[in-house]
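Accompanying notes for the structure given below.
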Amino acid sequence: MKFVLIALVISVTAFAAPIKPGLFVKEGPRLLNVESLIKNGSDIQAEYGFENFCYKGQSEFTINQIKRLNKAGSFFSGGGGGHELKSVTLLRGFVTYDIALRFEDEVVPGEFTTVNVKPCK
């Protein structure tokens, strides 16, 4: 009986591959990894917009990922008048943390947009 239970636990664990931590875009019920989208040449701003961001895992990991992508010049540029990331701030709540991204419009300098990134559900 113990052998059957152990085999069942191992097989369930093998099939339940966890989503790795990081920044995602929600597209219906699916979560699309932002870093993978950037590597594939997607224009995230034009295709998915700001309002669909969420993150998995520790917020500090996601903030570091965003800063790394931004430093490489890969985070939200283009799209026929993109936005440049100006700041990343951790908003500490009672239960969860949000990440505030502040973007400046590249076409209209001085015009800012703030996006709150919440944990993915």
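Every number here is computed from the coordinates shown, using simple stated rules; none is lab data. Owing to the predicted nature of the structure, the values given are computational and were not obtained by experimental measurement. Backbone-built Cβ (ideal geometry, glycine too); neighbour counts: all protein chains shown.
For the stretch 48-53, 3J(HN,Hα) computed residue by residue from phi via the Karplus equation (6.51, -1.76, 1.60; θ = phi - 60°) reads 10, x, 6, 6, 9, 6 Hz, glycine and proline entered as x.
Close amide-amide hydrogen proximity is noted between Cys120 and Tyr55, Lys56, each under 5 Å apart and 5 or more residues distant or on a separate chain (H modeled in the peptide plane; Pro and chain starts excluded). Annotation: aspartates and glutamates with alpha-carbon distance below 16 angstrom to Lys67 (same-chain offsets under eight excluded): Glu35, Glu84, Asp98, Glu104. In this simple spin-label model, placing a label point 7 Å from the Cα along the Cα-to-Cβ direction at both Lys20 and Lys71 gives a separation of 1.8 nm. Qualifying GluC sites (Glu not before Pro) in the stretch 18-71, where qualification requires a DSSP coil assignment and no more than 15 other C-beta atoms within 10 Å, comprise Glu51.
Note that the stretch 21-119 shows a convex hull volume over its alpha carbon atoms of 95 Å³ per residue.
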